[in-house]
Amino acid sequence: MSPTTLLTKPTATRPPEPDPTARLPESTPPTNWTVTTVEGITLTGHQPDWSEDNPSNTGMTLDQAVDYLRGYAHYTMLPVDPVLPPATLDIDINGTRVRESTSAMFAAQIACHPYAPQPHERVPTASLTIVDAWDFEGLTPTDLARFATQIRTQADYFENTVLPDLVAAREDWAARHPAAPASSPSKTELP
């Protein structure tokens, strides 16, 4: 049953207790998450294979479970190569390099908030971290050319890796959620 159905029509009967010794084969990832409330209500939903987190949980009240799921996000951090800043950033008084640092540039993440108040957040979207706390100053022409090459390489990464992963995540999501609700589920709304 979907969380919307369960949140709108809780049953008084308690579901059978799961077999604690039963396990899925390690090669088969779970396809559903499960939240079991202290009232004995079980909420389930699609667990995308790309998501690094699983909202499965137990021991919450129904109200806590609703709040928990409304704030939950499926997400994945996509791999990114660290970029060495092309300019010397930390120099001592004698002009020698003290520290060589790297910073992730254009880091990408795919996330989906299935029960968010805003409909556009209920399908997978991409987020980018452009630069994490670095200023690139004092660039020589060689430094600037290197930086431009890195940006072109990063653009290829977005187009050839992030874009297909996002399209696949959205297609998978749409296949399992053909008609997204107009608003976040509540205990009083019918699906």
Inset, instruction - Give just the number: which of (1) loosely packed, with under 15 Cβ neighbours inside 10 Å; (2) at pLDDT below 50 does Asn32 not satisfy? - result: (2)
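Is at least one residue of the range 140-163 modelled with pLDDT under 75 and either aliphatic (A, V, I, L, M) or open to solvent by 50 Å² or more (accessible area, probe 1.4 Å) (or both)? Talk me through it step by step, then tell me what you get.
Here is the first cut: in the range 140-163, the ones modelled with pLDDT under 75 are 140.
Of the ones still in play, those that are also either aliphatic (A, V, I, L, M) or open to solvent by 50 Å² or more (accessible area, probe 1.4 Å) (or both) are 140.
Taking every residue of the range 140-163 in turn, at least one turns out to be modelled with pLDDT under 75 and either aliphatic (A, V, I, L, M) or open to solvent by 50 Å² or more (accessible area, probe 1.4 Å) (or both).
The values are calculated or read from the model by the stated rules, or taken from the named source; none is laboratory data. Nothing here was measured: the structure is a model prediction, and the numbers come from that model. Cβ atoms come from the backbone with ideal geometry, glycine included; neighbour counts cover every protein chain shown. Side chains included, ligands, DNA and RNA excluded: accessible areas come from the protein's heavy atoms. Shrake-Rupley method; radii C 1.70, N 1.55, O 1.52, S 1.80 Å.
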